[in-house]
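Coordinate-derived values only; no laboratory data. All figures in this text were calculated on a predicted structure; none of them were measured in a lab. Every residue, glycine as well, gets a Cβ built from its backbone with ideal geometry; the counts of neighbours run over all protein chains shown.
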Amino acid sequence: MYGLATWGMNWFLWVESRTQMAKLQPKSRPTWADVKRNLAGFDRAALLSLVQDLYAAHKDDQAFLHSRFGLCEDALEPYKKTMDRWLWPNVSRRQETSVAKAKQAVSDYKRALGDAEGLAELMVFYCERAAGFSRDVSHDDAAYFDALVRMFEQALKTTTTLTANVRSRLLARLDRVRSMSHEFGYGVGDDMDVLLSEFGLGFRLDRLHQRGYISDPATKAKSVLLTEKGAKRSQVLFEKHFMK
């Protein structure tokens, strides 16, 4: 009897512990299917009320709806304003930069409208503001520079899919970004040179000569030579892009 009673008690404790564990386990995270199932019971008035609450909840929701319904004269303006704040902050007020928040503006626009030309414009604008801030304020942040180069690459990929007249206009702006990036250094402009060449938009030899990387291409020589500076830079770029 004692053994049976002990076994019964142990069984009861085991079942109780399993029940408590099941209660403690977190519920699965809700998904769009769960939301959709709840929305199915809403009438028109309830749906309008819900959208109104979302509209009032955050400025990002307002920008999304304004863009989606074409209510803004310039749908890009609110996204550019956000990017400008986080890419070119007021340093006199000790404002900080935030690559994540600036990039989020691009993602938000993509969800709201997502047209390639608008996305390309925002990406080029990102590059212009980030490069301008780095040059004019002498910004020194490796993560900020890496994000700039990555956005430059994304801008190139998106821009090359557009019509010829739009593409040429945006590429001219990206070329100015590249030139600007050579002014503040840290290899950012060199990385952009590599990206441009990969997209078949390479720079002229005279630019390499002006930077001291090669001998003068304007001579009668059939080839150009790397200078000492050019050889060192080539080694750095080779190790960066091909020895990871």
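Quick notes on this one:
- In terms of the mean number of neighbouring beta-carbon atoms within 10 Å, the peptides 123-132, 165-174, 145-154 order highest first as 123-132, 145-154, 165-174.
- What the phi angles of segment 107-112 give under the Karplus curve with 6.51, -1.76 and 1.60, with θ = phi - 60°, is a coupling list of 5, 5, 5, 4, 6, 6 Hz, glycine and proline written as x.
- Under 5 Å between amide hydrogens, built in the peptide plane, is the criterion, and for I214 it picks out H209, T227 among residues at least 5 positions away or on other chains.
- Multiplying the residue separation of R150 and L39 by 0.36 nm and subtracting their alpha-carbon distance yields 36.0 nm.
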